1. Listed residues 223, 197; which is farther than 20 Å from residue 326 by Cα, surrounded by fewer than 21 Cβ atoms within 10 Å (Cβ to Cβ) and in the same structural domain as residue 298 (by TED's automatic domain parsing)?
2. Test residue 355 against the stated conditions and say whether it is out of contact with any strand residue (DSSP E or B) (no Cβ under 6 Å at 6 or more places or on another chain), under 18 Å from residue 242 (Cβ atoms), crowded, with 20+ Cβ neighbours inside 10 Å and modelled with pLDDT of 90 or more.
3. Of all the residues that make up segment 176-189, how many are in contact (Cβ under 8 Å) with a residue 60 or more places away in the chain and out of contact with any helix residue (DSSP H, G or I) (no Cβ under 6 Å at 6 or more places or on another chain)?
4. Are any residues in segment 287-302 surrounded by 19 or more Cβ atoms within 10 Å (Cβ to Cβ) and either assigned by TED's automatic domain parsing to the domain that holds residue 164 or away from the ligand (no atom under 16 Å from the Cβ) (or both), and if so, which ones?
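The values are calculated or read from the model by the stated rules, or taken from the named source; none is laboratory data. Keep in mind the model is a prediction, meaning the values are calculated, not measured. Glycine also receives a Cβ, built like all others from the backbone with ideal geometry; neighbour counts cover every protein chain displayed.
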Ligand code: AMP
């Protein structure tokens, strides 16, 4: 957290009121850095993971920017588009926006696979302020001419690296090509593989870069442990660990959907209240499983990496890695499901001899070795209330648009602005700092 306040970041009264009601007292580092830049209309490259508060970092200024623009969406149009890789993430961002925008007239719609298309088409019929979507279904609806992005002024790509992993990048490029060149674009990614760097270069215009280190997610507040066990012993070992009285709400990660089902069935037979969540299930079934876990009807959630992306549930005391992930970044994502909102958590990984290479890559990424259970450095969950590092830098930054001051056109933008007046005289009001793409000096 930071010492700056949401008010100092230049957010409007209706948002400040909603933030107060949501119990947010201080901005997180990514919020302190990104919000002023986004209110000033910059493009942004945000390198940050779930758990850093990145959703509010882009949705809050988006809501205020939309309110500042004097535009109404025409039928089937969206003024802003947020693309996310999974349905869970889309639903979660939509829920956040609903909470933040509750004192504003901002209207949202959701377009994603796995749910009825008709209701999505109806939701878009009148046009919306913010459209949240997964790429595949959105492209379908664009091709059916049910969604028109030709007047969309804001584009946000969330978890871009995950979209790449899931094979969505071609769809993303096709969607971006439907938007006007003149727009504000934000790209968030936990990691920057070459393909995402390339995409960022193509779609962002002179972006500001905000980077929140993976380690500052919450790793400092998570007690991590490795248990070396053979693959055959894993299920029984896991059941044993889950019986510990300290385990309240637990998430177990497997690599595959089949694995998730097998572990869930084993735990179920062993008397645990376990449910599995993965991409083979319908959207409704996934939401129901999450709801059961959230309200305590089940206490163990067995999940694959992809399904885990949108899981934002408080009070997860333990994360178990039944299998280690192939990508070390996924490890950080997984363990970040615990120790949320300043709490502490435990992450235990079961490592069989075939997984040693994965363990080494994870330790390389974390720049630390993970204690092995039973070894001399065996650790117990910390109770010292340690807080994450890395928030100091953000305290220096400061929004220029305090107290409702007008937005300023960044220096050197005037000529570009003049050049961009191809739209002058049209009925649409153009954002003052918008500019044609790819005319960067
Ligand atoms: P995110 O990284 O966007 O998935 O956010 C992680 C969690 O932190 C969500 O449950 C948010 O509701 C919560 N959150 C985000 N910003 C703040 C804040 N400034 N203060 C308290 N909680 C926050």
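1. Only one candidate qualifies: 223.
2. no
3. Number of matching residues: 5.
4. 289, 298, 300, 301, 302
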